[in-house]
Every structure is written in C-alpha cells, then in structure tokens.
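Here is the structure we will look at.
The values are calculated or read from the model by the stated rules, or taken from the named source; none is laboratory data. In this text, all values refer to a predicted model and were calculated from it rather than measured experimentally. Using ideal geometry, Cβ is built from the backbone for each residue, glycine included, and neighbour counts are taken over all protein chains shown. Just the protein is used for accessible areas: all its heavy atoms, side chains included, with ligands, DNA and RNA removed. Shrake-Rupley method; radii C 1.70, N 1.55, O 1.52, S 1.80 Å.
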Amino acid sequence: MNNTAWWIIIFILILLILAAGEIYRETHTFRVRKYKVKTKKNIGIQNCVKVIFLSDLHNCVYGNKNDKLYKAIQAEMPDMILIGGDMLVAKEGSSVQEALEFVKKLPHICQVYYTNGNHEQRMKENTDIYGDTYERYKAKLENCGVCFLENKAENIEKNGMKFSIYGLDSSVNRKFKKADVTEKTVEEKIGKKGKDYSILMAHNPAYMDAYKKWGADLILSGHLHGGLVRCPGIGAVVTPQGFLFPKYSGEMRREGEQTIVVSRGLGSHTINIRLFNMPEVIAIEVCVR
C-alpha cells in the first residue's frame, strides 16, 4: 500500500473519530432555539406571549432528574408550555417514570398543554401489551395540573391575547408509511378552526399539507428528531423512519399567513444518532404586528 492510500485511511479514521465525538456530544446536551412570530390577530394588544414547545424527549434525562432541562425552561419565563408528544418510549418493559417525573414539575412554571405523539398513542391503544400504563400516566399528570388535548381544543387568554390551542392525536400515524390524512380528517377529529389565534399541535409533520389547509395560524410538530443527520442548507438527510430529505424536519417556516415550527426533539430511541442536529427546546414569542 503506497503512502497516499495510508494518508487517505488516516484521514477517514480521523473523520470517523470526530463524527463519533460529535454524535456523543449531541446526544448528551441540548440548546434553546428561539423564534419570533408576528400576527395580525389580536390587533390593539401591545404585549407578546412566550410559548415553550417540547417534543420527543423519549425518557432522556439532562442532569439530575432533568434539572438542567427544567431550569432552562424556567429561565425563559414562558406564559405557556406546549408538549407535542413522545415524552416517553412505548416499548415492552420500559418505564414512564423519567417522563412523568419531569412533566409533572412543569405546571410550577406555567400552564401546560399536552397532546399525544405516536408513543403515547401506542400505549393508549394497545392495552393488551401496556395495560393501563397510559391511563395512570395521564391521570398523575392531570392531578399535577397538566391539560391533555386529545383531539380537542382549549380557549385561553394570555397578556390580553386570545388563543385557541388544538391537540391532534397520533392515531393516524403509520410506521414506515404515510396514512391518508386530509383537511377533512383533521376537521373530523378536532372540528373547525375558531376565529382566535390558533395553535395546532400535530406530532407528525408528514401531513403538513392537511394541517395547513385546515387553517392553523401556528403549526407545531416533531416526530422526525430533526433527522439522524442534517446538512447545512439541505436539512435532514434521513429520518429515523427511513425517509430521505423530508420537507419539514426541524425548522421554522413562514408560508403566507401561517407559521410552521418543527422541533428537532429532545431525545432519541432505538437509533441513538444525531449529527449536526442538536436536541432543542423551542421558545416562541408570538407578538402582534
């Protein structure tokens, strides 16, 4: 083997070592990503409302009992916390304790609204496997003040601004393939959109066209964990579900009068790989134009 070949091998090994180090770093820390959204609704109100959006924790723990994560959220001084699902892992024998211990503390900061991801939905629907684990998990969180939005809405007022928060469950989710989800599907589940500023939490961004046609002002999704690997200027290369180059994977987009925010999530499971794809807490300021 000539010298050039050896240098190529050494270079590849260095890249692999650096990539492994970066993957380790990104699977053991998180950041707070901040967005600002402006709306023409609530005209005459001068205030802004701070929304924290959490998704896809998958029982991951940052610090002792997630104290690092809790303090980072607390430091943002949010007006409401929205949870987009998959805080736990639906797997035979796995515990919900990590998710439970973390989420039940959040109402000490502000009101918390929670909609199911595919993992909560799987536990809820498959009682022959999981028994009443989901119902006990939900009941304990409700006793702590968490409001579950399972195909329903909550109308609230914060800082003089009126909001309708909708939670669409993940019963339409299909592993490794897309279900037939349309605007009508969304409307049948959660009804028609109201006149106030509407926030739709819908876990899977694969059905974004249906969410947009339904008419939400702000759409919040997760599910794809930002992809396993992201490339600057391109986004997610491949998702944990095996889809290549998804349109929506971990960003904020403004499309007409609608805003789409897809979280890269806070954890992972099964395939514990993240590269150029830091876990994140989403902090959104909603302000009147």
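So, in the range 22-44, how many residues would count as being assigned to a strand (DSSP E or B) and open to solvent by less than 40 Å² (accessible area, probe 1.4 Å)? Total satisfying the criteria: 3. Inspect the range 91-111 for any residue being at pLDDT below 95, of a type in the set (D, E, K, R) and farther than 24 Å from ARG25 by Cα and give the result as yes or no. Scanning the range 91-111, I find at least one residue that is at pLDDT below 95, of a type in the set (D, E, K, R) and farther than 24 Å from ARG25 by Cα, so the answer is yes. Among the residues of the range 242-289, those that are under 18 Å from the mean Cα position of the chain (by Cα), under 27 Å from TRP214 (Cβ atoms) and of a type in the set (Val, Ile, Thr) comprise THR259, ILE260, VAL261, VAL262, VAL281, ILE282, ILE284, VAL286. Screening the range 219-235 for residues that are surrounded by fewer than 24 Cβ atoms within 10 Å (Cβ to Cβ) and among the aliphatic types (A, V, I, L, M) and picking the one that is nearest to ILE81 (Cα to Cα) gives LEU228.
Taking the numbered list (1) farther than 27 Å from GLU285 by Cβ; (2) outside any helix (DSSP H, G or I); (3) not small (Gly, Ala, Ser) in turn, GLU154 passes all entries but (1). Is there a residue in the range 173-192 that is touching a Ser or Thr at 6+ places or on another chain (Cβ under 7 Å) and open to solvent by less than 40 Å² (accessible area, probe 1.4 Å)? Checked the range 173-192: no residue is touching a Ser or Thr at 6+ places or on another chain (Cβ under 7 Å) and open to solvent by less than 40 Å² (accessible area, probe 1.4 Å).
Here the condition is being aliphatic (A, V, I, L, M) and within 18 Å of CYS144 (Cα to Cα); of LEU88, LEU69, it holds for LEU88 alone.
Here GLU142 clears all of (1) surrounded by fewer than 16 Cβ atoms within 10 Å (Cβ to Cβ); (2) modelled with pLDDT under 95; (3) not in a strand (DSSP E or B) except the condition numbered (2).
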